[in-house]
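Here is the structure we will look at.
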Amino acid sequence: VILCRLITFSAASLTTMSWRSSGSTNQDLVDRLRDNGLIKNDRIHAALSSVDRKNYCRKGSSPYNDSPQSIGHGATISAPHMHAWCLELLVDHLKPGMKALDVGSGSGYLTAAMAQMVGAEGMVVGVEHLPELVEFSESNVAKDSPELKSQISFHATDGRKGWEEHAPYNAIHVGAAAPEVPKPLLEQLAIGGRMIIPVARGGGGDQYLMQIDRKSELEYVEKSITGVRYVPLGDRGDYY
Ligand code: SAH
């Protein structure tokens, strides 16, 4: 595998806008993300409008705040601006009929949003290592968007192995930070496809959101998008 690293540090303007998007309803939150320039694409606006974040948060949380919320077990549903940002980066790889993999699917929120974008002809696989969260995500989708059920499958497994059965994927989103990009995920990315993954190289605390484009069988182009903070893509024992 040839990894060309094109490192660019950028997007400072986005981070300053990120925390101003809280709303009082789901539509309000999504409209504010658009007003603040975090959602640019209409298909993403439509997808996030039809997936109510409240249905993917625990009771007593603040689903329409633009901040992560605890979903138990040491995991969080990511902040809406991070979800919006990842969808923007993946938008050309989430066209109707395409296939996507969501690693560390947690609440199932982003899995559902991606399923809205790929539509009835497409499919999205969510892999999550905590069985309690797989159940949580399944019941969240059933409550929020039952029509998506046939397009989504959740599996309790180590996401570092991906999900071979439906590979290759046009889009791979990873919602937890790995010390290195897991090889099976590189292999399961379609040629022409894109992966978005937070990476914490060298065991330090610094994590970078990486964009990896597969150009051919052996050629990948990697770009650093921004510094981020995600929970670790680790072993089940790290969680509770
Ligand atoms: N996108 C999800 C993110 C949840 S937080 C959401 O917004 O709801 C990250 C998730 O990754 C957690 O649910 C955690 O349990 C899961 N995770 C961590 N390591 C994992 C691994 N090795 N395999 C699968 N899932 C993992």
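The values are calculated or read from the model by the stated rules, or taken from the named source; none is laboratory data. As the structure is a prediction and not an experimental result, all values here were calculated from the model. Cβ: placed from backbone, ideal geometry, glycine included. Neighbour counts: every protein chain shown. Only protein heavy atoms, including side chains, enter the accessible area calculation; ligands, DNA and RNA are left aside. Shrake-Rupley method; radii C 1.70, N 1.55, O 1.52, S 1.80 Å.
Bridgeable lysines around K215 (alpha carbons under 26 Å apart, same-chain partners fewer than 8 residues away excluded): K40, K95, K99, K161, K183, K223. Rounded to two decimals, what is Rg over Rh for region 78-228 when you use alpha-carbon atoms and the Kirkwood radius? That ratio is 0.94, to two decimals. Per residue, region 37-118 exposes 31 Å² of accessible surface when a 1.4 Å probe is rolled over the protein heavy atoms with every protein chain present. Accessible surface for M195 stands near 0 Å², nearest 10, in the context of the full protein assembly shown (1.4 Å probe). Between E138 and L218, the distance separating the two model label sites (each 7 Å from Cα on the Cα→Cβ line) works out to 4.2 nm. Give, as a single signed number, the net charge of other residues whose beta carbon lies under 11 Å from the beta carbon of A84, with Lys and Arg counted +1 and Asp and Glu -1. Charge balance in the 11 Å sphere: +1. With R₀ fixed at 35 Å, the C-beta to C-beta distance from R58 to K161 puts the FRET efficiency at about 0.80. The heavy atoms of K183 offer some 120 square angstrom of accessible surface to a 1.4 angstrom probe. Here the label points at D235 and D42, each 7 Å from Cα along the C-beta direction, are separated by 5.0 nm in the simple model.
Quick one: pull the percent of accessible area on region 78-228 belonging to carbon and sulfur, 1.4 Å probe, ligands and nucleic acids left out. The partial results should precede the final answer.
Working: 2740 of 5340 Å².
That share works out to 51 percent.
Modelled spin labels at E147 and H73, positioned 7 Å past Cα toward Cβ, are 2.9 nm from each other.
At an R0 of 35 angstrom, the distance between the Cβ atoms of R20 and E187 translates into a FRET efficiency of 0.30. Each Lys or Arg adds one and each Asp or Glu subtracts one; over the other residues with Cβ under 13 Å from the Cβ of E138, this totals -2. Per-residue 3J(HN,Hα) values for region 94-102, derived from phi via the Karplus relation 6.51 cos²θ - 1.76 cosθ + 1.60 with θ = phi - 60°, read 10, 7, x, x, 7, 10, 9, 10, 10 Hz in sequence order (x marks Gly and Pro).
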